[in-house]
Structures are given as C-alpha cells and as structure tokens.
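Data block below; observations after.
Just so it is clear, none of the values below were taken in a lab; they were calculated from the coordinates. This structure is a prediction, so every number in the text was calculated from the model and none was measured. Don't worry about glycine lacking a Cβ; one is built from the backbone with ideal geometry, like all the others, and counts go over all protein chains shown.
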Amino acid sequence: MELFSNLAMGFATAAEPVNILYCFLGVLLGTLIGVLPGIGPTATIAMLLPITFALNPATSLIMLAGIYYGAQYGGSTTAILINLPGESSSAVTAIDGYQMARQGRAGPALAAAALGSFFAGTVATVLIALFAPPLTRMALKFGPAEYFSLMLLGLIISIALAHGSVLKAIAMIVLGLMLGLVGTDIYTGTPRFTLGRLELADGLNFVAVAVGVFGIAEILRNLENERDRDVMIRKVTNLLPTREDLKAIFAPILRGTGLGSMLGILPGGGAILSSFAAYSIEKRLSSSPRRFGKGAIEGVAGPESANNAGAQTSFIPMLTLGIPANPVMALMIGAMIIQGITPGPNVATDEPELFWGVIASMWLGNLMLVLLNLPLIGLWVRLLTIPYYVLFPTILVFSAIGVYSINSNAFDLFTVAVFGGLSYVLVKLGCEPAPLLLGFVLGPMLEENLRRAMIISRGDPMVFVTRPISAVLIFLAAAVLIVVLLPSVAKKREEVFLEDA
Amino acid sequence: MMHRLNLRDALAGLIFILIGAFFAISTRSIEIGTAFRMGPGYFPLVLSGLLVLIGAAIVLNSLGNGTNESLGSVPWRGLVLVLAGPVVFGLTVRQLGLVPAIVVTSVLAVYASRRSGIFLAAAMAVGLTLFCLAVFSYGLRLPLPLLGPWLRF
C-alpha cells in the first residue's frame, strides 16, 4: 500500500542519526520551554528560525516541529505538579491534575497525561499520513479563486475561535494582512509603505515581527508583576496508574484524541481550544461530574490527549496546502521559505523525503517524550527555580542575535522593538496577537490569488461563486461569519470564553 | 463610579483607525487600478478602509459600555529598557562587535527588572556573553565578528 511505503520512506529519513539528534534536541528544548512560563513555542521557534538555515530542510523542520509538540508535554508537567501551566493549552490540566498531586496522586496524573499524549500523537501521525495525500491531490486542482476562498474561510474560522471580542479579532487580522503587504509589489515592482527605507523593499522581516509580537511583548507582560515563584518540589512516587485509573482514562483519551484531531485542523484553534473543549465534554459525559475540579483523572487524560492531537493535526493544512492554521505553522512556512522550498501541495511530490520524514519524526518524537519526560520530572521542576530576572535577559539577547543573524541588518532589530511595543499595547487593550501574525503571513498570498483570479475572470467577481469548490468555501465563510455576529451567539460565545478564563 | 466609556475598547479602536488612516493615505501615491486589473494599491486600500471601519465600530461599541476595569500597571522602566535592548544591540553590533553588543544589551535587560543591581548586571553580562559565544560562535559558527572595526587596533 502506498501509505506504508510512504511511511517507510518517512521513517528512513527520520531515523537518520542527524535527524534523530535534532528531533531529540527539539523535543528536549520544547519540554524545557513548555515547563517555563513566560516563553512559549512561538517565540522560541521564531528565535531559532535563523539558526535552522545551517541545517538541511528536513532536519530543521523536524527540530522545529519537536519544539512545538514537546511544549505541549512540558506544559502539563508543571500544571500538575505546581498548578502553574507552562503553556496556555495545559491550563485546564492544572484544574484536576494539581488536585491529584495534592492528594499524593501526582504520579498517576503525570502518567495519564503522558499516555494520553502519546496515544494522541500516534493517532494524529497516522491521520496526517492518511489525509495528507488526498488533500494534496485536491489542492493541486485549486486555482487562484479556490485558494482565495479557502484562505478567507480560514481567516473567518480563526476569528470565530479567537478569544474575546470578534471585532478586535477581525481588526487584528486586517492589520496583519496589511502589514504583510509592505514591500515591493510583485506584479509592478512598485514599493508600498516602505517609508523610503531600502530595508523594507523585501517587506517586513517575518522573524523580527514574530519575535516582537510573541517574545518581547510577553516579557513586558511578565514585568508587570514580577513575583518569586514558590516552588515546592514534592517527591513523585509510584508513577504507575492503577488498573482503575487505566479503565477510567481509556475513553477520555479516545474522545480527546478525536476532538483534538478535528479542532487542530481548523485555523486559530488548535491546541488551546481543543483542551478546553475536551475538558467540558468529559465533565458533561461523566457519571459523577462533581469529582471534576477535585482530582478527576479523566479531566487530565482528556484535555492532554486533545491538545497533543490538535498540535499535530494543525500540520495538515500547512503541509498540504501551504496555509498555516496557527502562528507556529506560519513560522514553519517561514522556515521552508528560508530553505528555498515553496510551501504548498507541491511539497509532498517534490520533497517526499522531507514531507514524510517530518510526519514520521513526530511519532519518534512522541516516543522520546514519553521516555524522556517521566524519568526527568525532577529536573524539569527544578528548572522553575530559575528566576525570571535571569531568564528574560537571556531571551532578549538570544532574540537579538537570532534576528540580526538573518540579514546582518540593524533595521530588523528596530522592527523587533516597534512590534514588541505595539503588540504589548494591543494585548493590554484586549486584542489577541495570534490573528495578526496569521494575517501577516496570509496577506501576500491572499492578494496574489485575488488579483490572479480577477485577471483570469476578466474582472468578474462572480468567479468566486460560479466555481463550485470556491462557492462552497465562500458559502461556509459567510455562514460562519453570520453565526459569529448573531447577537445571541455572540453573547453565548462571550460566556464560554469567560468560563474558560 | 460608573464609567460611560470602555477605555480599553476606545483606545484599541482609535489605534486601528489611526493605522488604517495612515495606510490609506500612503496608498495615494500608488496606482489603484480597476477590479479587473488591480494595481498595487487596490487591495491595501480596501484593507485600510476596512480597518478604519472596524476601528470606528469598536469605538462606537465602547460608548455606554463602560466598566470599572482599569488598564492595570505599566512597567515603564521595563518597557523603555526592554524595547531599547534590540535597538541598542542593532546599533552597536556592527561597529563594536558581538561581545560589546551582548554586554550592553544584557545590562539594559537586567535593569529592566525591579530586582536589578550592579552585581547581578555584571554577573549576567559575563555569563550571557560566555553562553552566547559558546552557542552562536562556537556551536553554530555564526560569522559575526566578536570585536568590531572600532575596537580593532
């Protein structure tokens, strides 16, 4: 079968010593930053992006992917042990996980999280392998009109799934789209919004924008209330879950995996949303919902499976269509472009080793995480004693060197500062930064496909609704937008997110 | 006391309006074209118009929708020093070299924290310099000169 030969090729690539090494480094680093609050996978990948230039394409993507799903693992460890979620996607894990730890059941909680994540990772790897080829084949038939409609649908879904105000999310996306257009117009060579600076002729530096928006702004947020972390390291005994535990987590892991796999594909949601959704489903389905919040192991297994599955299936649109589902995937696309690979459906056919190697490496990486994490828990918790006043200067200096090394260009560092400041202000005013970065990456693609579609149709905008695939996508986009803006839904939506917060 | 205006929303909307207006004005020098043959200014003009409209909607929504929520504290010293970090690094790295740039940036960063002090700054400057040299110059072999032209004799 084609699937097996493809996966075999993937494992052959992933099992090359250099790839194993970088996969290991990736998941190790991912766990590390997952454990540490105040630095997430987006900022880390942005910082390391320039460095991957020295690696070959498959190796660099394998490492960056490892950082992303490794962070989902690391985040749960501290959520359970000290009620401090290292990543927002493990915030719900802290609810019941920490209660379990207080009852002396930290071991089973950690094991449930690890087993759930590993199972979800395995299933998601198979799902990617199953769905990527047909999606790629379909995407190859896409014309500019279909691409434009698909991206529009993606952006609107990400608005629907964004936290907080819908209007602000739309504004952030539009702002991102516009910032993405800065630079020389590809058709006419006209400089746009370059303020007369030569450095802006190629557009705003993507890495610099990402580091500013996610790295610097986050430091500023954390400086608002500097506190010491009281880290009490409890000795974790008996990691093994009991037979009852295993029975209790079986169904939640399956449900979490299914839910996460579906939500991960949608733009904007991914890991965070799926863990929240999984938790509320487990609570609703449970025969004894009262136990939730007091140490129910289902409340750990479900969300942890969901966030790992979601993190991994979010690779599907990136690998098959070249369209990012979240800022991390946008950075992955950036990494491909740095390597001279054009993201899109061609990657699977032109670079099969890279394509399948990255997919296979995810399974290997998940295996490493299980083996690596459980024995090293003591070490991860001790990392939390690193004070923030040591951590953030390190992040700042690393970011500066990383960004500078791309073009040896001081202007890129000014970009970091400007976007760090702007993003801090916007976050403070209740605007989520993720849609901005998504828009930034999609801006040029959206414009190019719009212009091409209009040229092909001789200026007839009906092209978007007369071509069947495009029509369906546009219809869905309109439906989602109307539903989100309906006053009753908007109200309900606000309640849901308030509950989460 | 009830506020009649949601400050957070009003400011956010205002920022969007200003940025949108700036981009819209900037498209004046760029060819707009028609829907058939879109010029380089067409899509940006549509987007900036949209941004101004959404910004206005956010501002309108903020009226009479007030809460007592304050904007929270702003770490002014941290804000200035952290944002100065990359800028100073960019200004120093070419002429003075990597080592001085790291030292200056890490000292700035340390003073952004309320826990700063001369001892900590010195320790971080030395530690971070060695760490970064090990990672970037030795490990990744980035071709950045350790000392720039101004410091070479």
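Highest mobility in the GNM of chain B, judged by mean-square fluctuation with C-alpha springs under 10 Å and restricted to B:105, B:129, B:27, is found for B:27.
If the elastic network links every pair of Cα atoms under 10 Å, which of B:26, B:116, B:106 fluctuates the most in the Gaussian network model of chain B? Result for chain B, Cα springs under 10 Å: B:26 fluctuates most. Inter-chain Cβ neighbour count for A:43-56, averaged per residue, equals 1 (cutoff 10 Å, partner chain atoms only).
Rounded, prolate or oblate: which fits the range A:363-409, taking a ≥ b ≥ c as square roots of the Cα gyration tensor eigenvalues, rounded meaning a/c under 1.5, else prolate when a/b beats b/c? Because a/c hits 1.5 or more and a/b fails to exceed b/c, the range A:363-409 counts as oblate. Work from the charge dipole of the protein assembly as shown (Cβ charges, +1 for Lys and Arg, -1 for Asp and Glu, about the Cα centre) and give the residue of A:393, A:342, A:444 farthest towards its positive end. Positive-most Cα among the choices belongs to A:393. For the range A:301-420, relative contact order (Cα pairs under 8 Å, six or more residues apart, normalised by length) works out to 13 percent. Other residues lying with their Cβ under 14 Å from the Cβ of residue A:183 contribute a combined charge of -4, Lys and Arg counting +1, Asp and Glu -1.
In loop segments of the range B:1-106 as defined by DSSP, the trypsin sites (Lys or Arg not before Pro) with at most 16 further C-beta atoms inside 10 Å of their C-beta are B:4, B:37. What percent does the relative contact order of chain A come to when contacts are Cα pairs within less than 8 Å and at least six residues apart? Over chain A, the number comes to 28 percent.
Could you tell me which of rounded, prolate or oblate describes chain B, using a ≥ b ≥ c as the square roots of the eigenvalues of the alpha-carbon gyration tensor, with rounded for a/c under 1.5 and, failing that, prolate when a/b is larger than b/c and oblate otherwise? It comes out oblate by the Cα gyration axes. For residue A:482 and residue A:385, a Förster radius of 60 Å and the Cβ-Cβ distance give a FRET efficiency of 0.75, rounded to the nearest 0.05. The order of A:110, A:374, going from fewest to most other C-beta atoms within 10 Å of their C-beta, is A:374, A:110.
Please work out whether the protein assembly as shown counts as rounded, prolate or oblate from its C-alpha gyration tensor, where a ≥ b ≥ c are the square roots of the eigenvalues and a/c under 1.5 means rounded, while otherwise a/b larger than b/c means prolate and anything else oblate? It is rounded, given that a/c, with a ≥ b ≥ c, falls under 1.5.
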